[in-house]
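The structure appears right after this line, and notes come after that.
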Amino acid sequence: MGFKRVRFNNFRNIEPREMRWSPGLNLLTGENGSGKTNILEGINIISGWGPLDRGTKTLSIPSWNSGSTEVQLTGELESSEIIKVKISRRYAIRIDDKASSASELRWKIPVLTFLPDDMSIVEGSSVFRRRLLDMVLALIIPPYAMRLSEYRRGVRQKALFLKRGMPSMIADRALLPLASWIWRMREEGVALLADSLGGFEQLAPFGIGLSLKRGGAGFERDCADDYAKALVVNGERERAMRFPVVGPHRDDIIITSQSRPASSALSRGLRRRTAMALMLAASESVRRKLGREPVLLLDEVAAELDPAGKEQLFSTLHARGGQIFAATAEPISPEVPCAVYKISSGKIDKIEEKV
Ligand SMILES: Nc1ncnc2c1ncn2[C@@H]1O[C@H](COP(=O)(O)OP(=O)(O)OP(=O)(O)O)[C@@H](O)[C@H]1O
Ligand SMILES: [Mg+2]
C-alpha cells in the first residue's frame, strides 16, 4: 500500500504538478534548499500526520508570493482511493469525496517518518525515543494518539496547579488511568520493538537491548499502583520544582549494547547503525500488527553511514518491500532497484529508473 501519485498545489516551494511515484524506493536527490524535505512533509500531511517538526518555527505552508493562503494536496493510493487535504484556516480531509479525519487517514495509509535528528536516538534526548515508540503505537492502537493527547492536556493542567502552589489531587486522579494505560501500551510496544529488532542484526550486530523506564516511577510492577506510589515518593519534589515529574511524559527507553549503555558503548557510526536498525524494527513492528508495510519517509538518514552501512541499509530496505521516499543531498546510487528524482527549486524530475 502506498501512493501512486501526489499533487501539491500552492504547497511551499513545490511546483504544482502531478507526480507519479514508484511503489518501491523513491530516491529524492537535490541540492540543499531544493525542496526534498518539503516533499516528504507534503506526504506526511496527506497521510494524516501534519507538518514536520523540523526543530524550527514552522513558516507558513502556502507558497510565499502566491497571494493565496489555501493549500491543496491530492493523492491517489494504490487501492485507487483519492485523498484530498485542504489547508486554509483549518484542515479539511476527504477520502473519495467523503469527509474524513486525520486518524482515519493514518489508519488507511500507515506512514513512519524519520528526520535527521532521529539518527541521534541512541545518545540524544529521550524525546526522540518516546517519539519512535509513540509513532508505532499510534499506528497499531487506534485510541493511542487521542489518549496520549488527553494525557498531555492533563499534565499541562497539573503543571498549572503546581506553578500556582495549589494542590494537584484532582489532576492526579484524572491522570492515573491514562498514565497507567499508556505505560502498559508502551511496555508492550517496547517488547514488540525489541523482538522485531532481532531481524536486523546484520545492520546492528551489537546485542541491542531495550526496556522502558517509567518516568519518575518503577517501584511497583502494576502500572496504577506504581503511579500512585511514585506520586507519594515524588510529591515534595514536584511541589518544589513546580512541575510534574511522574508519568509517561518523563519516560525513557533504555538502550543497551551487550548490557552496557549503548550511548557510551558504541561509536558514533555504530550508534547511527543502531538508529537505522531501530527504525526498521519500528516498520517491522507495524507490519506484524497491521499486516501491511508502512510507507517510510526518510530524510537524510543514511548521511553518516560508511559505504558498507549504506549498502546494508538499502539492501535491507529493498528486501523489506513497500514504498519508501528517501531524501538525500549526497550523490548516492544504491545497488538496488529504485526511481531517482532530481529536485531543483521545487521542480521534480524523474531522472532514472533502476530495475
Ligand atoms: N511557504 C513557502 N513558500 C515558498 N518556499 C518555501 C516555503 N517554505 C519553505 N520554503 C523554501 O523551501 C526551500 C526548500 O526547503 P527544504 O527544507 O525542502 O529543502 P531540502 O531540499 O530538504 O534542503 P536540505 O538539503 O538543506 O535539507 C527552503 O529553502 C525554503 O526557502
Ligand atoms: Mg532537507
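The values are calculated or read from the model by the stated rules, or taken from the named source; none is laboratory data. Just so we're clear, the structure is a prediction, and the values are computed from it rather than from any experiment. For neighbour counting, all protein chains shown are included, and Cβ atoms are generated from backbone atoms with ideal geometry for every residue, glycine included.
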Q. Going by the conditions given, is Leu278 within 18 Å of Cys338 (Cα to Cα) and either crowded, with 22+ Cβ neighbours inside 10 Å or modelled with pLDDT under 95 (or both)?
A. no
Q. Based on what the data block shows, is Met19 surrounded by 13 or more Cβ atoms within 10 Å (Cβ to Cβ), at pLDDT below 90 and away from ligand 1 (no atom under 12 Å from the Cβ)?
A. no
Q: Being surrounded by fewer than 20 Cβ atoms within 10 Å (Cβ to Cβ) and either over 16 Å from the mean Cα position of the chain (by Cα) or of a type outside the set (D, E, K, R) (or both) is the filter here, so list the residues in the stretch 45-54 that pass it.
A: Gly50, Pro51, Leu52
**Q.** Filtered residues of the stretch 142-170 (kept if assigned to a loop (DSSP other than H, G, I, E, B) and crowded, with 16+ Cβ neighbours inside 10 Å)
**A.** Ser168
Q.
Go through the stretch 334-345 and report how many residues are in contact with a Lys or Arg (Cβ under 8 Å, 6 or more places away or on another chain) and part of a loop (DSSP other than H, G, I, E, B).
A. 3
Q: Give me a count of the residues in the stretch 13-47 that are within 14 Å of ligand 2 (Cβ to nearest atom), touching a helix residue (DSSP H, G or I) at 6+ places or on another chain (Cβ under 8 Å) and small (Gly, Ala, Ser).
A: 1
Q. Is there any pair with a first residue in the stretch 326-351 that is charged (D, E, K, R) and a second that is within 14 Å of ligand 2 (Cβ to nearest atom) and in a loop (DSSP other than H, G, I, E, B) whose Cβ atoms are under 7 Å apart and which are 6 or more apart or on different chains, and what are they?
A. Glu330/Ala303; Lys342/Gly30
Q) Which of the residues that make up the stretch 210-246 are part of a helix (DSSP H, G or I) and either more than 18 Å from Val155 (Cβ to Cβ) or of a type in the set (Val, Ile, Thr) (or both)? A) Asp225, Lys229, Val232, Val233, Glu236
Q) So how many residues does the stretch 1-37 have that are closer than 17 Å to Asp117 by Cβ and under 19 Å from the mean Cα position of the chain (by Cα)? A) 2
Q: Taking only the stretch 172-209 into account, find how many residues are under 19 Å from Lys158 (Cα atoms) and without any contact (Cβ under 8 Å) to a residue 60 or more places away in the chain.
A: 8
Q: Can you tell me which residue among Gly55, Gly50 is more than 15 Å from ligand 2 (Cβ to nearest atom), in a loop (DSSP other than H, G, I, E, B) and not aromatic (Phe, Trp, Tyr)?
A: Gly50
Q: Could you tell me which residue of the stretch 65-85 is farthest from Ile45 (Cα to Cα), considering only residues that are in contact with a helix residue (DSSP H, G or I) (Cβ under 9 Å, 6 or more places away or on another chain) and polar (S, T, N, Q)?
A: Ser79
(Q) For the stretch 280-298, check the following and say yes or no: at least one residue is under 26 Å from Phe8 (Cα atoms), within 16 Å of ligand 1 (Cβ to nearest atom) and either assigned to a loop (DSSP other than H, G, I, E, B) or touching a residue at least 12 places away in the same chain (Cβ under 8 Å) (or both). (A) yes
**Q.** Near pairs, Cβ below 7 angstrom, 6+ apart or cross-chain, from the stretch 23-41 (closer than 15 Å to Phe11 by Cβ) to any residue that is near ligand 1 (Cβ under 6 Å from one of its atoms) and among the polar types (S, T, N, Q)
**A.** Gly35/Asn13; Asn38/Asn13
(Q) Pairs needed: first member in the stretch 221-234, within 10 Å of Trp183 (Cβ to Cβ); second member anywhere, surrounded by fewer than 22 Cβ atoms within 10 Å (Cβ to Cβ); C-beta distance under 6 Å; at least 6 residues apart or different chains. (A) Cys223/Ser180; Cys223/Arg184; Ala224/Ser180; Asp226/Phe219; Asp226/Glu220; Tyr227/Leu176; Tyr227/Ser180
**Q.** Residues satisfying the stated conditions in the stretch 22-42, i.e. surrounded by 16 or more Cβ atoms within 10 Å (Cβ to Cβ) and within 9 Å of ligand 1 (Cβ to nearest atom)
**A.** Leu28, Gly30, Ser34, Gly35, Lys36, Thr37, Asn38, Ile39, Leu40, Glu41
